[in-house]
Amino acid sequence: MKRIDWNGLGDADRCRALARPEKRADEQLRERVRNIVNDVRARGWQALSEIALELDGQEPRRVEVRTMASAARRRLDPQQVEAVEFAAAQIRKFHRASVPSDFSLETAPGLVVTKTWRPIDRVGLYVPGGKTPLFSSLLMLAIPARAAGVRQIVTITPPRPGGGLDDLVALAADLAGIDEVWTVGGAQAIAALAFGAGAIPAVDKICGPGNAWVAEAKRLVMSMPGGPAIDLPAGPSELLVIADESSDPRLVAADLLSQAEHDPDAQVLLVTPSVAVATAVEAEISERVRTLPRREIVEASLGSCRVILVADLHEAIEVANLYAPEHLSLAVEPAQALVAKIRSAGAVFAGPHAAETFGDYLAGSSHVLPTDGAARAWSGISVYTFLKAMSVQAVTREGAESLSRRAALLARMESLEAHALAADARLELMA
């Protein structure tokens, strides 16, 4: 873990101190992703199958969820089933309550403008999987999509060894109302969702987190002609923790490690005005990391970890807003006073009791959040991700008569005569 004195840095060094891991912008990775995406776009199912067989060891398969979910319920411990059901219920409760209502306003006599919401027709969900299937991400994606009323949800996840679905993924899919899941992962899966491959249809929008390959594939397909929209840049996980003398180093270390174990490219940062806290957290991490099952992943992630020493909490907030983390933990007492000063973060965990793990599983809001600084302009997954807004203008005869002259004048001020004549035509019909 690299310790940095923020006040001893110039602007360029401060940028380097907050830089993401280099692999996220690796040109060789980008080139390989481009090749995969172009191949699947050109050759469809054949290319998808060949690439999946090479990288995953299995061809893509369509798995019916209901039968597997029933068997999963029998095999899983009842407490596991109850925990997943509880998480699903909390997520459903939050997102159903978040569905926006239509809004109408008479902006001028005889002119009513309405903002109305419609679900996206077809959405593709990418659920990280493989050795560690993230069933929670399936809940965090599919449940808000269902709450928004999406008509068709195409769900994809990397295959587990031996094929089929992990029991917890099958259970989560069933609870989220997903009927089938395709087992294929990586950039090739994103390409299949973007442009279609065999029975996998092209979708209007791709949602879901993933590793650097998946994140790059999403960015690429969005930029291609005919490509889909994407939810947000959601790459390897990030956590920035702000701590001071009121913080418990054990809790801070535990939270940092919880995100470091996601991926070798995950990044965790501690920002504190206290040298004593920094030293205590570093010691806790060194001690705890030895016993973690995913120790190698954690140690690789900690290679890009930063401990940033600042003058005070005000400066800590400035650093957090510059970094714009996916997750921001305010491990201080009191924390609420700091929340109003946060401008850029995917999710904020206010106070020492607000474990980031709660947000990952059962708080209710989605854990699919913007990474790589995208929180400066992007939001996390919500029902709004799966909705589109339309404006509807309804005008009475009297309203049109009142508005036409002004509209025609404004159009001519921009030298758009055809626009002006379209407004004039309303007056002529009323004459």
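The values are calculated or read from the model by the stated rules, or taken from the named source; none is laboratory data. Please read all numbers here as calculations on a predicted model, not as lab measurements. For neighbour counting, all protein chains shown are included, and Cβ atoms are generated from backbone atoms with ideal geometry for every residue, glycine included. Just the protein is used for accessible areas: all its heavy atoms, side chains included, with ligands, DNA and RNA removed. Shrake-Rupley method; radii C 1.70, N 1.55, O 1.52, S 1.80 Å.
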Using Cα pairs closer than 8 Å and at least 6 residues apart in sequence, work out the relative contact order for region 103-170, in percent.
34
Going by amide H atoms built from the backbone, whose H comes under 5 Å of the H on Val154, apart from near neighbours?
Val123, Gly124, Leu125
Between region 37-78 and region 127-187, what is the C-alpha centre distance in whole Å?
11
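For the chain, what relative contact order do you get, as a whole percent, if you take Cα pairs closer than 8 Å and at least 6 residues apart? Don't skip to the answer; put the middle values down first.
Details: 881 pairs, mean separation 84.9, N = 431.
Reported as a whole number, the value is 20 percent.
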Quotient of Cα radius of gyration and Kirkwood radius for region 36-86, i.e. Rg/Rh, equals 1.26
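With both partners inside the chain, how many of the DSSP beta bridges are antiparallel, as a percent to the nearest 5? Each step should come with its number before you reach the end.
Details: 19 of 53 bridges.
Bridges in the chain are about 35 percent antiparallel.
Could you give the alpha-carbon Rg of region 278-431 over 2.2 N^0.38 Å, rounded to two decimals?
On the way: Rg = 27.1 Å, N = 154, 2.2 N^0.38 = 14.9 Å.
The reported ratio for this selection is 1.82.
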Accessible surface of Leu9 in the full protein assembly, 1.4 angstrom probe, to the nearest 10 Å²?
40
Taking 22 Å as R0, compute the FRET efficiency from the Cβ-Cβ separation of Gln393 and Asp121 and round it to 0.05.
0.40
Along each principal axis, Cα extent of region 345-431, largest first, Å
70, 27, 21
At 1.4 Å probe size, what's the solvent-accessible area of Ile297? Round to the nearest 10 Å².
40
Rg [Å, one decimal], Dmax [Å, integer] - the chain, C-alpha atoms:
25.0, 86
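Over every pair of different alpha-carbon atoms in region 158-224, take the mean of 1/r and invert it; report that Kirkwood radius in Å. Don't skip to the end; give the middle numbers.
Values: mean 1/r = 0.0771 Å⁻¹.
Here the Kirkwood hydrodynamic radius works out to 13.0 Å.
If you roll a 1.4 Å probe over the heavy atoms of the protein chains, what accessible area per residue do you get for region 1-86, in Å²? If you can, show how the numbers build up before the last one.
Details: 5590 Å² over 86 residues.
On a per-residue basis, region 1-86 sits at 65 Å².
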Semi-axes, largest first, in whole Å: what does sqrt of 5 times each Cα gyration tensor eigenvalue give for region 47-203?
34, 22, 10
So between Ala283 and Glu428, what do we pick up on full extension, going 0.36 nm a residue minus the alpha carbon distance?
44.0 nm
Using the Karplus curve 6.51 cos²θ - 1.76 cosθ + 1.60 with θ = phi - 60°, what ³J(HN,Hα) values do you get for each residue of region 344-350, in whole Hz, with x for Gly and Pro?
9, 6, x, 8, 10, 10, 9
Computed D for region 141-292, Stokes-Einstein, Kirkwood radius over alpha-carbon pairs, 20 °C, 1.002 mPa s, to the nearest µm² per second, is 119
Put Cys15, Cys305 in order of accessible area, largest first, probe 1.4 Å, and you get Cys15, Cys305
Computed over region 328-389, Kirkwood Rh from alpha-carbon pairs, angstrom
12.7
Let me check the size of region 85-142 from its C-alpha atoms; what are the radius of gyration and Dmax in Å?
18.2, 62
Hey, what did region 308-369 get for relative contact order, percent, Cα under 8 Å, at least 6 apart?
30
When the Karplus curve 6.51 cos²θ - 1.76 cosθ + 1.60 is applied with θ = phi - 60°, which whole-Hz ³J(HN,Hα) does each residue of region 147-153 get, with x for Gly and Pro?
4, 6, x, 4, 6, 9, 10
Apply the Karplus curve 6.51 cos²θ - 1.76 cosθ + 1.60, θ = phi - 60°, to the phi angles in region 2-13 and return the couplings in whole Hz, x for Gly and Pro.
8, 9, 10, 8, 4, 6, x, 10, x, 4, 5, 5
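Mind putting a number on the dipole of region 1-154 about its Cα centre? Charges go on the C-beta only, +1 for Lys and Arg and -1 for Asp and Glu, and I need it in Debye to the nearest 20. Write down the numbers at each step before the final one.
Values: 27 positive and 19 negative charges, 69 e Å.
Magnitude of the dipole: close to 340 debye.
Largest first, what is the accessible-area ranking of Asp360, Asp248, Asp11, Asp77 with a 1.4 Å probe? Before the final figure, lay out each step's value.
Working: Asp360 20, Asp248 45, Asp11 125, Asp77 75 Å².
Output order, biggest surface exposure first: Asp11, Asp77, Asp248, Asp360.
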Would you mind checking the radius of gyration and Dmax of region 361-412 based on alpha-carbon positions, in Å?
21.1, 57
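Cα gyration tensor of region 1-98, axes a ≥ b ≥ c as square roots of the eigenvalues: rounded (a/c below 1.5), prolate (a/b > b/c) or oblate? Spell out each step's value before the answer.
Numbers: a/c = 2.75, a/b = 1.27, b/c = 2.16.
It is oblate, given that a/c is not under 1.5 and a/b is not larger than b/c.
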Based solely on its DSSP helices, what 222 nm [θ] is calculated for the chain when runs of n ≥ 4 H residues each add -39,500 (n - 2.57) and the sum is averaged over all residues, nearest 500 deg cm²/dmol?
-14000 deg cm²/dmol
Per residue, the convex hull volume that the Cα atoms of region 9-54 enclose (Å³):
82
In what order, largest first, do Ser101, Ser286 sit by accessible area if the probe radius is 1.4 Å?
Ser101, Ser286
